[in-house]
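Written below as structure tokens is the structure these notes are about.
None of the figures in this text is laboratory data; all of them are computed from the coordinates on show. Predicted, not measured: the structure shown is a model, and the values here were computed from it. Cβ coordinates were reconstructed from backbone atoms using ideal geometry, including for glycine residues, and neighbour counts include every protein chain displayed.
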Amino acid sequence: MRMKTLTSRTVIFLILILLFAIPRMLLAATGIMGALGEEIADIRKDMALENTVTVAGRSFFVGKCEGRDIVLVKSEIGKVNAAMTAQILIDKFNVDRIIFTGVAGGVDEKLKPGDIVIATKLAQHDYGIIQGNNLTVNSLLIPRDGGKADSVTFFDTDSTLAQSALDAAKQTQFKELSLARYGKHYPVVTSGIIVTGDQFIASAKKREWLKKTLNASAVEMEGGAVAQVCETYRVPYIVIRAVSDLADDIATDTFIKMKDTAALNSAMLVENMLKNMNPPSGSVENKK
């Protein structure tokens, strides 16, 4: 009997140790991604860091921001980097949702540098068949249980997260933008289709093609890949992009001038989203 009591106490003691030893990365949280250091810098500055975990050469910052559990990471540029990072967030850090924040080239003629686009849908504009000089964008196959697959060209973002972003935009005091060609102005926040490819677009001709072919509002290099991973795992996601340039023939110059302020405004919107949203289903708050 004495031995059984000791064994029970030992088991309880070990369970308690394990509970306190489990790193926060194993608890459900919101994954936040950016491709560039500038895109995550302000969130990193404002978060209460609890742990830094290195996986596949990437630093995953685990902690809280605006009272919410988050895992923040720089994915690096491009679709493969973005897909790898999203996969790690889901597999290793058990995130309940993913928010991608950063900058993009504006495609919609109504947009000015600094304006913000919240994605309603995402597509990969460089996936398809080239015949002659023409690219036909193909659908992607998303594997499902039972050997089935969904054919997807446009990935729908999570409507709740999209609405949360729109609501947060109304509460955000954005930094003023200044560019000689457009004067001083504050961001206009809109929703639209964001398209992704492994190219920085600095071509008025390509910009026109993206608008005509995919009805794109903005173009970037990661969001569509994150969407594909999240769709496969059925993890809610949203992509938020501040326009750093207009994807035209002078896009490189505009990008250099605008990226820091544009990235900051996108990050500020994300922080206000965190402030307003419900805790993830697996978080400590929801278990109280």
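Data overview
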| read-out | value |
| --- | --- |
| Virtual paramagnetic centre 7 Å along Cα→Cβ of residue 182, amide N under 13 Å, in region 95-116 | 103-116 |
| Relative contact order of the chain, pairs being alpha-carbon contacts under 8 Å that are 6 or more residues apart, as % | 27 percent |
| Residue-count net charge about residue 108 - beta-carbon cut-off 11 Å; Lys, Arg +1, Asp, Glu -1 | +2 |
| Rg to Rh, two decimals, where the chain supplies the alpha carbon set and Rh follows Kirkwood | 1.05 |
| Protection-proxy order for peptides 141-147, 163-169, 204-210, each taking the mean of Cβ atoms within 10 Å per residue, highest first | 163-169, 204-210, 141-147 |
| Packing rank of 116-125, 74-83, 212-221, where each peptide gets the mean count of other beta carbons within 10 Å, highest leading | 116-125, 212-221, 74-83 |
| Label-zone membership for region 77-95, site residue 54, 7 angstrom Cα→C-beta point, backbone N under 19 Å | 77, 85, 88-89, 92-93 |
| ³J(HN,Hα), Karplus 6.51/-1.76/1.60, whole Hz, each residue of region 41-57, x for Gly, Pro | 4, 6, 5, 4, 5, 8, 8, 8, 6, 10, 6, 10, 10, 9, 9, 6, x |
| Ratio Rg/Rh, restricted to region 43-154 and using Cα atoms, in which Rh is the Kirkwood radius | 1.03 |
| Isotropic mean projected area of the C-alpha convex hull, region 133-178 (nm²) | 7.3 nm² |
| Full-stretch length increase - residue 151, residue 205 - with 0.36 nm per residue and alpha-carbon distance subtracted | 16.6 nm |
